[in-house]
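Contents: one structure, followed by commentary.
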Amino acid sequence: MSRRPSDSITDDPHAGFGRPGKRSRPRTKDRPSFPNAADATVITVDRGRYRCLIGNVGAVVTAMKARSLGRTAVIVGDRVRLAGDSSGDDGTLARIVEVNERETVLRRTADDDDPFERPIVANADQLVIVAALADPPPRVGMIDRILVAAYDAGLEPLLVLTKSDLAAPDGLMATYRPLGIQVVAVEPGSDLSELRTALAGHRSVLVGHSGVGKSTLVNALIPGIDRMVGEVNEVTGRGRHTSSSAIALMLPEDAGWVIDTPGVRSFGLSHVTPDSIISAFSDLSEIVQDCPRGCRHDSTAPECALDVAVSGGRLAVERLESFRRMEKAFS
């Protein structure tokens with residue numbers, strides 16, 4: 001007996017819930033439930049396939065998005081629920097049927113004129129800005145931009161200065177200490193105990209310009225992981241991208257997570273406003289309550305309460321200068 005197309009069998013229980021055709025009504029509002037779905041975390045994404053870790057030390061499973069998720073973005077760090085074959089065996093493929101609400105999202109835009117935000121990592125709680133002291137030289141403007149993104153996302157910033165064997169870190173340390181940012185300087189083969197302590201218990205996303213040594217740092221933190229290491233072009237002074245996608249990696253002894261991201265050459269901030277940055281500093285957010293309406297809080301703003309606070313000894317001038325330098329990064 002021949003079977004009509006509508007009677008065909010499919011392995012996907014979502015297949016009957018696709019977008020209805022024009023002038024048609026959905027057959028039902030009911031959706032399948034997955035009481036036995038496994039909780040997992042997305043650790044890397046590659047061309048529509050998602051590598052997910054079940055629990056904290058469970059199987060690593062390859063999955064695809066279920067049709068019911070539509071255009072819902074799934075990114076590294078997302079906590080998801082998996083249906084289907086979650087054994088992790090070769091040739092198996094699970095389905096992501098649900099994406100849990102995110103605690104934090106680190107975003108950037110391609111440039112400052114781009115209105116489209118690009119989510120990078122979900123559910124991190126610390127942003128590690130990796131900058132080289134030399135080869136390539138540090139770019140304070142880039143550091144400031146990534147700092148702004150950290151504050152906007154609600155992430156605690158940590159500045160790691162690599163290649164301290166080539167240049168002294170004192171100048172950059174003095175630049176960022178007024179903001180209350182922890183700064184750690186490292187060099188090849190150096191003791192990483194201070195950095196390990198700063199990373200312990202956190203879900204840290206590493207961001208930095210290409211060629212600053214992020215992959216070298218990850219290799220030192222997680223022996224045997226062998227992230228590809230790149231070189232700096234002698235002519236342009238630029239690094240080459242050695243990591244093509246973000247990946248979440250567990251630190252030894254379950255001491256936390258680091259999420260290595262591809263090197264960036266720009267960091268657009270069109271989605272950020274000055275108020276979202278001020279809110280990250282409790283002392284500044286309290287002071288600006290006395291600003292006149294519409295105050296931009298920059299150096300040209302008349303009667304800005306921040307300037308009044310400096311002249312009255314309520315606010316350190318170095319802290320205000322640091323904030324205004326960041327404000328210029330996205331104004």
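Observations on the model:
- Scanning the stretch 153-178 for residues that are crowded, with 20+ Cβ neighbours inside 10 Å and touching a helix residue (DSSP H, G or I) at 6+ places or on another chain (Cβ under 9 Å) yields L155, P157, L158, L159, V160, L161, T162, T175, Y176.
- Within the stretch 181-199, the set of residues being under 20 Å from M142 (Cβ atoms) and of a type outside the set (V, I, T) comprises Q182, A185.
For every residue, the table says whether it meets (1) part of a loop (DSSP other than H, G, I, E, B); (2) touching a Gly at 6+ places or on another chain (Cβ under 8 Å); (3) farther than 30 Å from I225 by Cβ.
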| residue | (1), (2), (3) |
| --- | --- |
| A248 | no, yes, no |
| P262 | yes, no, no |
| S276 | no, no, yes |
| L284 | no, no, yes |
| I287 | no, no, yes |
| A301 | yes, no, yes |
| V308 | no, no, yes |
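- Within the stretch 279-315, the set of residues being in contact (Cβ under 8 Å) with a residue 24 or more places away in the chain and of a type in the set (V, I, T) comprises just one member, I287.
- Test: R79 is of a type outside the set (G, A, S) and at pLDDT 90 or above: yes
- Qualifying residue in the stretch 36-45 (condition: more than 20 Å from V205 (Cα to Cα), part of a loop (DSSP other than H, G, I, E, B) and not small (G, A, S)): yes
- The residues in the stretch 56-94 that are assigned to a strand (DSSP E or B) and in contact with a Leu (Cβ under 9 Å, 6 or more places away or on another chain) can be counted, and the count is 7.
The values are calculated or read from the model by the stated rules, or taken from the named source; none is laboratory data. All values derive from a computational prediction rather than experimental measurement. Positions of Cβ are generated from backbone atoms using ideal geometry, with glycine treated the same way; all protein chains shown enter the neighbour counts.
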